[in-house]
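No lab work stands behind these numbers, since they all come straight from the coordinates. On a predicted model such as this, the values are computed, not experimentally measured, just so you know. Backbone-built Cβ (ideal geometry, glycine too); neighbour counts: all protein chains shown.
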DNA sequence: CTTTCTGCAAACGATTTGCAGCAGC
DNA sequence: GCTGCTGCAAATCGTTTGCAGAAAG
């Protein structure tokens, strides 16, 4: 619920601006989707979004997530299970990592720590550069057993 | 090509042992798949495996990858593009990270550096434990533009 | 011979798309 | 009105599965 405490109206304006920059409007359906994602503790699957945002049509959710992704509002997160997951872009939240449960597939956010970030940014960036790779951002996931699944 | 230099027969024995432990045989098809993966510079998609291992049937590749994954020989790697990718398990190679090209989807391996590993293992593990999460392993991907796509 | 593996073709299911109606400007 | 958004239903496509024959032990 950490993210739910964020400045909601500020997020709304930011989202509207991002959409307008891509010649898109912030429709009620899109607002609903963003609200659902903003209130979640981690990336959500489409079924989860449908369940949380009552009355949303499946195809509209898929279609709007594409629009929102192009506008940089949301980000697709792919894990090992069958469903794609979506979360708000880190511009709208904070940089974080993921705790991926290898048993139930659930994904929770984990705030990034400066120490890890620094080490990752430095050493890995250097190694990547050696391979002629221009890094845009990184992903760090911890795979294991979540609190609910662990005995 | 780094992995291609590895001890191939040793890998073969290890794979056979892992399969036997799961009541499975190391058939020619499975050997072929493992060879293809062992010679790759990163995780491969099924189409890439099919192209590299001439004469393999698509369904056999899918089916055998499931068997190999259950035996712990290979690992499914999911990125953002449409296809699933597979690589040899880190028991058979070394711990490494991935360079994911956000343009073409290609994935290359990047050897892990002790400094990064240590930092990640320490700080993040601690944070995860706080959330009641028992970490099994981690994934670190760098997303950016690969050498071929970058101008 | 019995069991497992292979490959073809059909089935599955998450995601995408065509289209008709409705809302916003 | 014209343009874009919604939702239903049909199409798509990566992946899975049923089945009959081939191969291993």
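Some observations on this one:
- Residue-span extension gain [residue B:117 to residue B:46] - 0.36 nm each, minus C-alpha spacing: 22.6 nm
- Hydrodynamic radius (Kirkwood) for segment B:46-151, which is based on Cα pairs only, to one decimal in Å: 16.0 Å
- Computed [θ] at 222 nm, helices only, for chain B once each DSSP H run of length n ≥ 4 contributes -39500 (n - 2.57): -10500 deg cm²/dmol
- Taken residue by residue and averaged, Cβ atoms of other chains lying within 10 Å of the Cβ of B:79-91 number 1.
- Each principal axis of the Cα cloud of the protein assembly as shown was evaluated for its coordinate range; sorted largest first, these ranges are 62, 51, 41 Å.
- Relative to the other identical copies, residue A:78 shows label-point distances of 0.9 nm, where the label point lies 7 Å from Cα along the Cβ direction and values run shortest first.
- Rg followed by Dmax, in Å, when segment A:15-73 is reduced to its Cα trace: 10.8, 30
- Label spacing, shortest first and in nm, from residue B:21 to its equivalents in the remaining copies (7 angstrom along Cα→Cβ): 5.0
- Binned Cα-Cα distances of segment B:26-105, short to long, each 10 Å bin given as a whole percent: 18, 56, 25, 1
- Build a GNM of chain A with springs between Cα atoms under 10 Å apart, and of A:129, A:25, A:76 the one that fluctuates most is A:129.
- Average other protein chain Cβ within 10 Å of Cβ, residues A:101-109: 1
- Remark: label point of residue A:95 defined 7 Å out from Cα along the Cα-Cβ vector; separations to the same position in other copies 2.1 nm, ascending.
- Cβ-derived FRET efficiency at R0 35 Å, residue B:131 paired with residue B:103, nearest 0.05: 0.55
- Cβ-Cβ FRET estimate between residue B:13 and residue A:12, R0 fixed at 41 Å, reported to 0.05: 0.10
- Whole-percent pair-distance distribution, where bins are 5 Å wide, for the alpha carbons of segment A:101-142: 5, 18, 23, 18, 14, 12, 8, 1
- Spatially, segment B:47-106 and segment A:69-85 are offset by 20 Å when compared through their Cα centroids.
- For the A-to-B rotation axis, chain A residue with nearest beta carbon and its distance in angstrom: A:119, 2
- Beta bridges assigned by DSSP with both partners in segment B:32-151 are antiparallel in approximately 75 percent of cases.
- Label-point separation, residue A:95 to residue B:60 (7 Å along Cα→Cβ), nm: 4.7 nm
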